[in-house]
Structures are given as C-alpha cells and as structure tokens.
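S.K.: Have a look at this one.
The values are calculated or read from the model by the stated rules, or taken from the named source; none is laboratory data. All values derive from a computational prediction rather than experimental measurement. Here the Cβ positions follow ideal geometry from the backbone for every residue, glycine too, while neighbour counts run over all protein chains shown.
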Amino acid sequence: MTVRSQRLLLIFGAFFAGLVLCFCVVLLLSDRLMPAKTVNTSWAVGGPFQLVDQTGRAVTDKDVLGKPFLVFFGYTHCPDVCPTTLFDVSEVLRALGPDAEKVAALFITVDPERDTPATMKDYLSSFDPNLRGLTGDQAAIDAVSKAYRVYSKKVPLDAGGYNMDHTALVYLMDKQGRFVAPFNLKRRPEESAADLRKYL
C-alpha cells in the first residue's frame, strides 16, 4: 500500500469517526432537551361505580375523589394472594402514619355472591382500619370490573364450592380518579409509602 493510500485511509477513518461522534452528541442532546414522552393511560382504567362498603353505606367513585387511592380486586375466600396483598397494603398505610387519612384504599370483591357487607366487615377486621371493602350486586361488580379492566372467573372445586380466578394488581389512582400505574408492593413499606406521598 502506498503512502498516499495510507493517508487517504487515515483521512477517511478520521472523517467517519467524526461523523459517528457528531451523531452521538446530537442524539444525547436531543434526548436531554426534548420533554419526556409520557403515555396517558388514564382512559384505560377506572371510572364511575356505585357499591356498598362493609358498614352497609353506599359508596361511589365521587366519595374518593380528592385523595389518591389504591384499588385491589379480590374476595374473602381467597386462599393466598388476597390476604397477602391486603396485609402489604396495611403495612403501607401503617408506614404513612397520620398521612394514611389523606389516602383511600379500596378492596372490591369479585365474589358478591358470598361477600356481603357483614362478611367483608368481619374479614377486614384483620387488616388496617383504613381499608374499605366494597361489594354490591353482580351487575354493579361487573360494571366496576369492566371499568378497571379486571378479569375474574369462577373456578369450581372438586370437593364442592369454588374459588375465583382474578386479576391481582393493585391500582394507583390520583386525586382526580385517573389511573397512574400498578402500585408496587414488592419493596419495603416505607418505600411504598414515600411513593404514595408524591400524590397527596
């Protein structure tokens, strides 16, 4: 290879490296200067509901507006996921201290056939008193389940009776009743509480 060819290769290599470097800088700056894109999923989850709490009092979505709130769908005969989740939510409410009064936590049944207000009241006595259990007739439960995109299905047991297969997410909703994100309980209660305080 001639000296001239080597020089041309070096010049071309330097030019190409400069182009790559310039491209990377432009990408980096545009990423920092452009506003972050957020996906608005508020239309997809949540909406009006008319239910009854564990004391027999009528409750609608308007009763929780003005506070951030957590929503979990389950049922009192649930063998594992529901009591574990409600315990974790109770720990977050405990970690909030006085701020627990500024949030709402709803446990909505997917099994209204068995989960009467009295049953819900007895069941929730084992958890944080700020937890509110909601039930209603099948039509009302179907409506709120549809609004929150919740799946549930009755699964008969060999020995009789049934379990309910259901969505096990905890939904975080803001003060306006808009969906924020699934609420992460796989961390220390204090960390979950700190996250929840951001929406007060």
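S.K.: For the range 86-123, give me each residue that is part of a loop (DSSP other than H, G, I, E, B) and within 17 Å of PRO189 (Cα to Cα).
M.R.: VAL103
S.K.: Tell me whether the range 74-85 contains one or more residues that are under 19 Å from GLN50 (Cα atoms), modelled with pLDDT of 95 or more and part of a loop (DSSP other than H, G, I, E, B).
M.R.: Yes, the conditions are met somewhere in the range 74-85.
S.K.: Shifting gears a bit: Any idea which residue in the range 52-103 is surrounded by the most Cβ atoms within 10 Å (Cβ to Cβ), counting only those that are among the polar types (S, T, N, Q) and more than 14 Å from ASP128 (Cα to Cα)?
M.R.: Filtering the range 52-103 for residues that are among the polar types (S, T, N, Q) and more than 14 Å from ASP128 (Cα to Cα), the one surrounded by the most Cβ atoms within 10 Å (Cβ to Cβ) comes out as THR76.
S.K.: May I ask you to say which residue of PHE127, PHE69 is within 17 Å of the chain's Cα centre (by Cα) and aromatic (Phe, Trp, Tyr)?
M.R.: Answer to the check: PHE69.
S.K.: Quickly run through the range 142-163 and pick out the residues that are touching a strand residue (DSSP E or B) at 6+ places or on another chain (Cβ under 7 Å), under 27 Å from PRO68 (Cβ atoms) and surrounded by 15 or more Cβ atoms within 10 Å (Cβ to Cβ).
M.R.: Selection gives VAL144, SER145, TYR148, VAL150, SER152.
S.K.: Please specify each residue of the range 108-125 satisfying the condition of being out of contact with any Ser or Thr (no Cβ under 9 Å at 6 or more places or on another chain), within 14 Å of GLN54 (Cα to Cα) and not aliphatic (A, V, I, L, M).
M.R.: Correct list: SER125 only.
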